[in-house]
Structures are given as structure tokens and as C-alpha cells.
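Single-structure report; data block below.
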């Protein structure tokens with residue numbers, strides 16, 4: 001497998017767990033990926049169902065949280081197993097198994113799920129800022145765009161430091177709710193009774209569906225199968241078994257922390273609201289407003305808001321990584337991390353801004369619920385292929401899941417599919433009742449039928465005998481070239497910017513030159529008057545540029561070469577491209593500008609844009 005096929009190729013096998021001096025350090029080396037996953041289980045989208053369950057039914061539904069956590073642990077361990085044994089992530093496995101048309105639809109659904117999750121995180125963070133500082137929700141949503149640069153900075157520090165950052169946020173969230181528990185003083189005996197399964201009425205059943213539906217995040221299944229591949233392990237049976245064991249414990253510890261935080265939210269709602277007769281608290285704003293008078297402490301609402309901000313911030317880090325895995329796995333398309341992050345964030349920010357601006361801040365709650373419905377739509381389409389893959393004995397070999405685990409996994413998939421489609425059915429019915437346009441109703445019914453058909457195909461296609469053969473090769477088969485012809489470089493173009501890199505440009509040009517080579521020297525005049533007047537300018541900078549170009553020209557002429565130069569007043573990329581085409585240059589040599597990142601935005605970035613515009617090789621002299 002070459003670098004371009006690897007999941008999260010820039011951090012693939014970046015953490016070695018083989019050279020640890022002690023067993024403890026070796027085990028600790030595996031810990032980390034599940035913590036990035038766990039933040040998806042405590043994001044602001046889960047808070048509403050936890051608050052509703054606690055305020056309406058007290059401690060009764062804690063067992064539902066525990067059951068959801070066990071289901072999530074099994075599925076996440078399957079995802080880790082897939083990445084460790086196959087060496088591929090879930091999106092790559094889907095691409096190799098399902099037809100192209102199905103894969104494209106699965107990709108679109110996965111992107112929608114990521115955008116929906118990002119939307120919940122943005123709204124949660126904006127609500128937290130509003131509750132803590134009184135910041136307007138519109139400004140809070142806008143400020144959430146800045147975490148794009150935080151993520152990019154964390155990625156540059158490396159995967160291990162990013163994991164430490166997320167773990168720190170998780171422990172801060174846990175600390176906030178630990179203090180909340182001390183303030184609330186819940187009844188321990190009633191909490192223990194909440195672990196006994198019971199469903200008091202239909203309303204409790206509906207909230208239970210919401211809790212289960214909001215627990216397992218589809219993008220986490222894609223991401224976990226890629227993150228475990230950041231650990232470099234040996235490929236023998238013993239090493240793989242150890243990796244599976246240690247990653248299971250990593251998942252167990254991380255997801256149990258997420259369970260404790262979700263349980264703390266439900267317990268807080270039960271102790272503060274249900275015990276005081278407030279049974280209809282589901283909005284984050286209402287919970288924040290009523291915590292102080294019910295618990296008698298001003299710190300209770302502040303810690304609630306701080307934890308909400310931290311939850312939104314920690315969850316948003318994993319969204320881009322999941323988007324990268326999904327895009328590269330399904331489409332084999334890699335784009336700039338900056339662009340990827342901005343696109344993901346804008347897909348969530350724009351709807352949030354429009355809803356708040358047009359419909360008002362009171363619609364933020366329904367928008368948060370809508371994001372969870374979108375997540376529910378995608379969940380089954382990630383779970384079912386995952387179970388298929390880890391049950392495939394031909395690919396998993398001795399690491400295939402045993403029959404009892406397989407039965408339990410399919411039972412969990414059935415529960416998730418049925419509960420989530422019931423939730424979707426209820427939402428569609430509500431929409432139909434409120435929509436009087438028959439064409440819109442018809443569109444909703446067609447969409448629901450299409451999703452159901454896709455779900456059935458997702459289940460049965462891997463079982464078909466004449467299914468598509470796995471497409472493992474990324475590139476066409478290797479064919480040995482019949483003849484390798486060395487190019488005759490008759491015309492060499494040089495882009496000179498009068499910096500220190502010009503010396504290297506000249507050196508490489510002379511190294512590539514042949515006896516009949518012609519040199520085309522190019523420089524762009526960038527004075528203020530040149531930008532306004534163009535070729536008619538006659539300022540000091542233009543005259544100075546001509547003098548220096550004459551000196552460069554003399555270097556080549558003294559060595560017996562034919563050379564000419566061009567001073568252009570157009571934009572750099574357009575001018576260099578135009579001159580190369582007009583002079584039929586065989587190769588272009590440019591100097592490295594020596595800056596990147598924010599400086600590219602300030603000074604401009606030429607080389608990367610230029611190499612996509614010219615149809616000749618571009619040689620970058622360092």
C-alpha cells in the first residue's frame with residue numbers, strides 16, 4: 001500500500017508502540033484514539049435528550065444510557081478491529097465492496113452526518129457563550145469559525161498532542177459535572193434503582209429512542225477505523241492480538257468516561273428539576289436559567305455553560321478528521337486541510353446563521369433536534385457494512401468475530417435501525433402534517449422510500465455471490481515503459497523574483513542546459529504605479545528591474561547561450577503562464593519563496609497555482 005492509499009496518510013503509523021522501554025509505556029502508547037471518538041458521545045446534541053429524560057422521569061432512564069454505552073462500545077471495538085486487521089478504514093472498505101452508485105450515495109449521507117454533527121457543536125458552543133457571557137447567538141456562531149485555525153495548529157503539533165488536548169478537555173468537562181454533583185447532592189439509592197430496566201410510559205419510550213439514537217455517531221465509526229492505524233505495530237498474530245486487546249481497553253475507558261458525563265447530565269436534571277416538579281426541561285437555556293434557583297448556587301449555571309462550551313469545542317476537532325477519512329476513502333480525493341475544515345464549518349455555520357437571523361433565536365432548539373435526526377438517518381448505513389466486514393472470514397481470518405458476538409451485533413444493528421427509522425418516521429409525519437404542498441409531501445415520501453431501499457441493498461449486497469470484486473488497486477496496473485526518452489530542453493524559462501533563491505534558479509538552469517538551449521528570463525514588476533498604469537510606467541523600480549535583468553542576461557551570454565528577458569506588469573501567475581506558452585518553453589524553473597501559511601495570504605502564493613496553469617514541467621529550486 002503506497003502513502004496515498006493510507007487512512008489519514010499524514011499521521012499514518014506516526015506513533016510507534018514497539019520501542020517502548022516498559023510494558024506500561026507500550027500499553028499507554030495504544031491509548032488515545034478512543035478519546036477522540038468519545039467526545040462525539042458527549043457533544044451538545046446529546047444534552048437535550050439527557051435533560052429531557054432526567055427532568056421528566058428522574059433517575060429511571062439511567063439504564064438506557066448504560067445500554068447505549070454498551071452498544072457503542074461493541075460497535076467501536078468492531079471499527080478498531082477493522083482498521084487494525086484489514087489496515088483500511090470503513091470508507092475504503094465500502095468503496096471496495098459496494099457498487100459505485102451506492103458508494104456515492106453513502107458518501108453523501110456520511111458528509112451530511114458530519115455537517116449535522118458540526119451543526120450541533122456550533123449551536124452548543126454558541127449557546128454556551130451566550131449563557132456565560134451574554135454574547136448574541138449570531139456572534140457566537142460566527143466566532144465558532146475561529147476554531148478552524150485551532151484545529152490546524154493542533155494537526156501541525158502531531159497526533160499525540162492532539163489526543164492530549166482532547167483528553168484535557170474531557171477531564172475539564174468531567175470536573176465541571178463532578179462539582180455540579182456535589183452541589184446537587186443526588187440520592188444515591190434512587191440512582192442505583194435507575195439501573196433496573198423499566199419504561200414508565202410511551203413518553204419515556206420516545207425519550208429512550210432519542211437517547212439511543214443520539215449515542216452512536218456514524219462518523220465515529222469511520223474515524224475510529226482510521227485513527228487506530230496511527231499506531232505502528234508488527235503484522236504477526238501476537239502483535240495484532242495485543243493491539244486488539246489494548247484498543248478495546250482504550251475504548252472501554254474512554255466511552256465509560258463519556259457515559260459518566262452523560263449520566264451526570266441526566267442525574268443533574270433529575271436532582272435539580274424532577275425533584276422540584278419541573279418536568280418539561282429540555283432546552284439548554286431553560287436548564288441554565290433554573291439551575292441557580294433550584295440548587296441555590298451561582299456556580300451551578302456557570303459550570304454548566306463552561307462544560308457546554310468545552311463539549312462543543314472538543315467535538316468539533318473530530319469532525320474534520322472524519323470528513324478527511326470519508327472523502328479520501330470514498331472518492332480517493334485529497335484536498336487541503338484548510339479548505340476541508342472551512343467547507344465543513346461553512347456547511348454548518350450558514351444554516352445556523354440563516355435560521356437564527358430569519359426565524360429567531362427561539363428556533364435554535366428545534367434546529368439542534370433536526371441535526372440529531374440527520375445523524376439518525378445515516379447511522380444504520382455505517383453500522384451494517386461494519387458488521388459485514390468484521391464477520392467476513394475471508395478477510396478477517398482468525399480475527400473474525402465469533403458467532404455469539406455476531407448475533408449480538410446484528411441484534412444491535414436491528415435495534416438501532418428500527419428505533420432510528422421510527423424517529424425519522426415520526427419527524428416525517430410531523431412535517432407532512434405541517435406542509436400543505438402535495439409536491440413537497442410526495443418528495444418526502446420518495447426520499448423515505450429511497451432510504452429504505454438503500455438500507456435493504458446495504459444489507460443484502462455483501463451476501464450476493466455475483467457481487468462486485470474488491471477494487472484494491474488505486475492506480476492502473478504497472479506496465480514497463482517500452483522506451484524512456486530523455487527530453488531535449490531547447491527552451492528553459494526562468495521566473496526570477498530578485499531574491500536569494502535566484503542564485504539556485506540560475507544554477508539549476510545551467511545544469512539542465514544543452515549546447516543549443518535558449519533561456520527565457522521572466523520578472524514581474526510589482527510597483528504601485530506598475531499595477532495601475534501597466535507597461536507605460538517608468539518609475540524607479542521598473543528601471544532598477546531592467547538593470548538587474550541585463551546583468552542576469554549577461555551571465556548567460558558570457559557562457560555562449562542565447563538568452564532574452566521579459567518584464568511583465570500583469571499578475572504573476574497569468575504573466576508567467578502567458579510568456580511560457582508564447583515562447584514554447586520546455587520547462588519552467590522557479591525559486592521557492594520561503595514562506596507559507598499566513599504569509600501566503602499576505603504576500604501571495606505563486607508556485608502551487610502556477611504548476612496547475614502551465615502544461616510543462618515546473619522545477620522548484622530550493
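The values are calculated or read from the model by the stated rules, or taken from the named source; none is laboratory data. Predicted model, so just to flag it, every value in this text is computed and none were measured. All Cβ positions, glycine included, derive from the backbone under ideal geometry; neighbour counts span all protein chains shown.
Assess whether residue 185 counts as being at positive phi and either at pLDDT 80 or above or not assigned by TED's automatic domain parsing to the domain that holds residue 296 (or both). So residue 185 passes the test. Taking (1) at pLDDT 85 or above; (2) within 20 Å of the chain's Cα centre (by Cα) in turn, residue 43 satisfies each apart from (1). Residue 542 meets the conditions (1) farther than 23 Å from residue 578 by Cα; (2) modelled with pLDDT under 90 in every case but one. The failed one is (1). Being assigned by TED's automatic domain parsing to the domain that holds residue 223, in contact (Cβ under 8 Å) with a residue 24 or more places away in the chain, surrounded by fewer than 21 Cβ atoms within 10 Å (Cβ to Cβ) and at positive phi holds for only one residue in 142, 87, and it is 87. Is there a residue in the range 207-221 that is modelled with pLDDT under 85, assigned to a helix (DSSP H, G or I), closer than 25 Å to residue 174 by Cβ and in contact with a strand residue (DSSP E or B) (Cβ under 7 Å, 6 or more places away or on another chain)? Looking for residues that are modelled with pLDDT under 85, assigned to a helix (DSSP H, G or I), closer than 25 Å to residue 174 by Cβ and in contact with a strand residue (DSSP E or B) (Cβ under 7 Å, 6 or more places away or on another chain), one finds none in the range 207-221, hence no. Among the candidates 339, 374, the residue that is outside the structural domain of residue 118 (by TED's automatic domain parsing) and at pLDDT 70 or above is uniquely 374. Being part of a helix (DSSP H, G or I) and within 16 Å of the chain's Cα centre (by Cα) is a property that does not hold for residue 204.
All conditions but one from (1) over 22 Å from residue 318 (Cα atoms); (2) surrounded by 15 or more Cβ atoms within 10 Å (Cβ to Cβ) apply to residue 169; the one that does not is (1). Among the residues of the range 262-277, just one is under 15 Å from residue 48 (Cα atoms) and out of contact with any helix residue (DSSP H, G or I) (no Cβ under 6 Å at 6 or more places or on another chain), namely 267. The set of residues in the range 55-67 being assigned to a helix (DSSP H, G or I) and buried (at least 24 other Cβ atoms within 10 Å of the Cβ) consists of 55, 57, 62, 64, 65.
Take residue 161 and tell me if it is within 26 Å of residue 216 (Cα to Cα), in contact with a helix residue (DSSP H, G or I) (Cβ under 8 Å, 6 or more places away or on another chain) and assigned to a loop (DSSP other than H, G, I, E, B). No; evaluated as a whole, the condition is false for this residue.
Of everything in the range 451-472 that's loosely packed, with under 10 Cβ neighbours inside 10 Å and part of a loop (DSSP other than H, G, I, E, B), which residue is modelled with the lowest pLDDT? It comes out as 469. Residue by residue through the range 382-400, note down the ones that are surrounded by fewer than 22 Cβ atoms within 10 Å (Cβ to Cβ) and farther than 17 Å from residue 464 by Cα. Listed by number, the residues that qualify are 396, 397, 398, 399, 400. Checked against (1) surrounded by fewer than 17 Cβ atoms within 10 Å (Cβ to Cβ); (2) touching a helix residue (DSSP H, G or I) at 6+ places or on another chain (Cβ under 7 Å), residue 425 passes all but condition (2).
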